[in-house]
Amino acid sequence: MAFPVLDRPDTSISVRHAVIFDLDGVVVDSFAVMSKAFAIAYAEVVGDGPAPFSEYRRHLGRYFPDIMRIMNLPPTMEEPFVRESYRLADEVRVFDGILEVLLTLRVRGLRLAVATGKSGPRARSLLDRLGLLPFFAHVIGSDEVARPKPAPDMVRHALDLLDVPAERAIMIGDAPTDLASAQSAGVASAAALWAPPEDVDELLASGPDVVLHHPTDLLALCPAIPAH
């Protein structure tokens, strides 16, 4: 069943068994760290001048090498970008409400996964550092599927690992690539607006099934799974 696009979630929606989260802009506020890491990488590899971080952020959800190709930037920016991202990881913050949501969803019996544009090792390292890794049954990075977002491969892989059919899952993302990946996999898509996204209009034009303004809005869509 499709979700209506609402300012407030509809509590009549059928039960979901799994939630797939994007990472950056949904679970964690990493944009300041990204901006610093991107600026350092740009200065090292490209040289002087302002780093085009706003354009980079528009492509979030995709794998870093793919973004470099789209932006016509040197792929060698990846090494310093990843290095600085690790170095600055302690500055990443978890969004308010996320911990409550993860705790509640786990208590309600839902299975949780992350599908991110980051590499798998970097995503798992960050979540572990933040104390969130145990909440997720699986964390899938862009380097761990044949085709990263916006292709459906990552979401389909998550469904296979979670052993949940597409119609019983929802994916939360803050970028059009997240929504496209979910939609292509037959999974309900939710637009997360708490970051807020770089371009809200573009995100909403991607046709999310539901719009969430705060992480806890998700709880109305995910009641406890009935006991068998």
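Please label the shape of segment 59-104 as rounded, prolate or oblate, based on the square roots a ≥ b ≥ c of the eigenvalues of the alpha-carbon gyration tensor (a/c under 1.5 means rounded; beyond that, a/b larger than b/c means prolate, else oblate).
It comes out oblate by the Cα gyration axes.
If I take every Cα pair under 8 Å that is 6 or more residues apart in segment 96-228, average their sequence separation and divide by the length, what percent do I get for the relative contact order?
23 percent
If you wrap a convex hull around the alpha carbons of segment 53-171, what volume per residue comes out, as a whole number of Å³?
Hull volume normalised by residue count: 118 Å³.
Which shape class applies to segment 34-86: rounded if a/c is under 1.5, otherwise prolate when a/b exceeds b/c and oblate if not, where a ≥ b ≥ c are the square roots of the Cα gyration tensor eigenvalues?
Rounded is the answer for segment 34-86, as its axis ratio a/c remains below 1.5.
Over the chain, what is the mean sequence separation of C-alpha contacts under 8 Å (at least six apart), divided by residue count, expressed as relative contact order in percent?
With pairs under 8 Å counted, the relative contact order is 31 percent.
Rounded if a/c is under 1.5, else prolate if a/b beats b/c, else oblate: with a ≥ b ≥ c from the C-alpha gyration tensor eigenvalues square-rooted, which is segment 104-228?
Verdict is rounded for segment 104-228.
Which percent, to the nearest 5, of DSSP beta bridges fully inside the chain are antiparallel?
10 percent
Ignoring ligands, DNA and RNA, what percent of the accessible area of the chain is carbon or sulfur (1.4 Å)?
Values: 5090 of 9810 Å².
Accessible surface attributable to carbon and sulfur in the chain totals 52 percent.
Just the accessible area per residue of segment 134-228, please: how many Å² with a 1.4 Å probe?
38 Å²
Using the Cα centre of segment 72-158 as the reference point, and only Cβ charges (+1 on K/R, -1 on D/E), how large is the resulting charge dipole? Debye, rounded to the nearest 20.
Working: 13 positive and 11 negative charges, 68 e Å.
Approximately 320 debye in magnitude.
Work out the length of the dipole vector of the chain about its Cα centre, built from +1 on the beta-carbon of each Lys and Arg and -1 on the beta-carbon of each Asp and Glu, and round it to the nearest 20 debye.
Values: 21 positive and 31 negative charges, 119 e Å.
In total the dipole reaches around 580 debye.
Which residue, A166, A185, A205, has the most motion in a Gaussian network model of the chain that connects Cα atoms within less than 10 Å?
A205
Filter the DSSP H helices in the chain by two things, a Kyte-Doolittle mean of at least 0.5 and an axial alpha-carbon span of 18 angstrom or more, and list the hits by number.
Span-like helices in the chain: 31-45.
List the residues whose amide H sits under 5 Å from the amide H of I140, counting only those 5 or more places along or on another chain, with H placed 1.01 Å from N in the peptide plane.
It is V114, A115, T116, by chain and number.
The values are calculated or read from the model by the stated rules, or taken from the named source; none is laboratory data. Computed from a prediction, not measured in an experiment: that's the story for all the values here. FYI the Cβ positions are ideal-geometry reconstructions off the backbone, even for glycines, and counts take in every protein chain you see. What goes into the accessible areas is simple: the full protein's heavy atoms, side chains included, and nothing from ligands, DNA or RNA. Shrake-Rupley method; radii C 1.70, N 1.55, O 1.52, S 1.80 Å.
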